[in-house]
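Below: the structure, in structure tokens.
Please treat every number below as a calculation from the coordinates, not as lab data. Note that the structure is predicted; figures quoted are calculated from it, not measured. All Cβ positions, even for glycine, are placed from backbone atoms using ideal geometry, and neighbour counts span all protein chains on display.
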Amino acid sequence: MENLVESVKRDNTRIAEVERMTSDENNQVEEIVRSAYYFRCFRAELDYLDSFYEYIIKKVSHMNFKFNRYLDKKFIEKTHFLESLTTDNFNLLQVKAKNKNYFGFLDLSYPQQITYLSINSNCYPSWSISNVLKSITKISPRVLNEIQIFYFKINAPQFKRIMASYKHVQRININCCKLSIPSVLNFSQSLRNTKIKKLDFCSCGNSEFSDWKSNPQEFINLIQGLASIPDLKQSLQSIYVGGCCVCKNQIKDILDKYELNDVNIFT
């Protein structure tokens, strides 16, 4: 670690930060891996960090990652070590529709195994999910338990592809997204043996997104399509529709109509 300190002596702020972090190895690893800020802070000296990356690989097993719009090509080239890690939570924020660096990061540096993936465009009106769909479906086998998607426009074929790719997880959250479901979804055999227990459509139905109050048939198409999947009917335990502008009794009537009587409704 002395080489790392020496490499940034020109910047007193960085020196102070490195010295503070090196006083506690566990804290050092936790902080520098968890926060994209530290990666950006040392970005000019990334060439000096290769040995430190090797150190991280040996020391870290479960971490929380949060990366944002500051990802660039040089950073991605230096984060291949992440592929050998496992982590509990992995968050991608401010994903821009035309930022190819995100897709390169997902393809090249994504950890081999995580519990929870969150991807958020942090943009209103929402971006289409089309540009990131290939990447997030490609990495789906590495996500063990839960995926959360925020602020995207998602049409029916895209929704079906997400569901099929993540049928092995326990929870799928599609939040603050504009879902376009003009007809009843047909999943065919794509969700066979699914393990999905919880579906969360928080705020998707409000007037800023899918507007299920004015377009109730789209919500019905969604539920009818999900109810047509025998294995999902067996595995699904709850559905969350808070902020969707559809009353709980109306939702219950729709679920009962399509024989999802045992599914708990949360609003």
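Overview of values
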{"item": "Breaking point among (1) more than 21 Å from Lys248 (Cβ to Cβ); (2) in contact with a Lys or Arg (Cβ under 6 Å, 6 or more places away or on another chain), for Leu117", "result": "(2)"}
{"item": "Filter result for Leu185 (part of a loop (DSSP other than H, G, I, E, B) and within 20 Å of Ser130 (Cα to Cα))", "result": "yes"}
{"item": "Subset tally (residues that are closer than 16 Å to Ile154 by Cβ, part of a loop (DSSP other than H, G, I, E, B) and out of contact with any helix residue (DSSP H, G or I) (no Cβ under 8 Å at 6 or more places or on another chain)) for region 202-250", "result": "8"}
